[in-house]
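Participant: Right, I'll just put the structure down here and ask away after.
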Ligand SMILES: [Zn+2]
């Protein structure tokens, strides 16, 4: 399982460590900086995440 943050501005997904505790995150896609508290975090199976991230990388 993995923890994922979703950028509220562009919707990009970022995998983070389970003990991720940074107060702010900068999105590598849109360069926006957000409070980690405000970012949506979800726990998903690694399989599904890899699938989603691969799609994301292919589209860029
Ligand atoms: Zn973004």
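The values are calculated or read from the model by the stated rules, or taken from the named source; none is laboratory data. Since we're looking at a predicted model, the values are computed, not measured. Note that we place each Cβ from the backbone using ideal geometry, even for glycine, and neighbour counts take in every protein chain shown.
Participant: Looking at region 26-45, which of its residues are modelled with pLDDT of 85 or more and on the phi < 0 side of the Ramachandran plot?
Facilitator: 26, 27, 28, 29, 30, 32, 33, 34, 35
Participant: Condition test on residue 21, is it touching a residue at least 24 places away in the same chain (Cβ under 8 Å) and either in contact with a strand residue (DSSP E or B) (Cβ under 8 Å, 6 or more places away or on another chain) or not in a helix (DSSP H, G or I) (or both)?
Facilitator: no
Participant: A follow-up question, please. Answer with yes or no whether residue 50 is assigned to a loop (DSSP other than H, G, I, E, B) and exposed (fewer than 14 other Cβ atoms within 10 Å of the Cβ).
Facilitator: No; evaluated as a whole, the condition is false for this residue.
Participant: Which number in (1) within 16 Å of the ligand (Cβ to nearest atom); (2) modelled with pLDDT of 80 or more; (3) part of a strand (DSSP E or B) marks the one condition that residue 3 misses?
Facilitator: (1)
Participant: Does region 7-20 contain any residue that is more than 8 Å from the ligand (Cβ to nearest atom), more than 21 Å from residue 54 (Cα to Cα) and surrounded by 11 or more Cβ atoms within 10 Å (Cβ to Cβ)?
Facilitator: Among the residues of region 7-20, at least one is more than 8 Å from the ligand (Cβ to nearest atom), more than 21 Å from residue 54 (Cα to Cα) and surrounded by 11 or more Cβ atoms within 10 Å (Cβ to Cβ), which makes the answer yes.
Participant: Restricting attention to region 31-44, which residues are within 8 Å of the ligand (Cβ to nearest atom) and loosely packed, with under 13 Cβ neighbours inside 10 Å?
Facilitator: 31
Participant: Does residue 28 satisfy the condition of being assigned to a strand (DSSP E or B) and either without any contact (Cβ under 8 Å) to a residue 40 or more places away in the chain or surrounded by 11 or more Cβ atoms within 10 Å (Cβ to Cβ) (or both)?
Facilitator: no
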